[in-house]
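These notes are about the structure you will find just below.
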Amino acid sequence: MKRLLIIVALFALVFVPFMAQAETIHNTLTGEIDAPKLIGLKQLSPDLYLGVAAQKDVAKNLFFDNFDSIEDDQSYAFYAKVTYYGCWINCPKK
């Protein structure tokens, strides 16, 4: 746990100053649908599942004067994914 905190602290020390120097900061409102357990892959492992995710950007620059809604026919993303629900490190004993 201490190592994880050290890694997060170092990440913050390295990247936060660069982000603070950025001239323009943009934000985006995104809607997402996630279905991680559509098909079970029991033949390979009882903890593997095949799923999908879909994502659509709705608006950008929400709190700025140049607020911009995104066109209906732009900025879609679809993903097929494999999800594992098992344990590899520090697992509880059964």
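Quick note: the coordinates plus some simple rules give every number you see, no bench work behind them. Given the structure is predicted, the values throughout are model-derived calculations rather than measurements.
Distant-in-sequence amide contacts of Val52, defined by a placed amide H-H separation under 5 Å and a gap of 5 or more residues or a different chain, comprise Ala35, Leu38, Lys81. Roughly how many Å is it from the Cα centre of segment 78-94 to that of segment 32-46, as a whole number? Here the answer is 11 Å between Cα centres. Counting only lysines at least 8 places from Lys81 when in the same chain, those with an alpha carbon closer than 18 Å to its own are Lys37, Lys42, Lys56.
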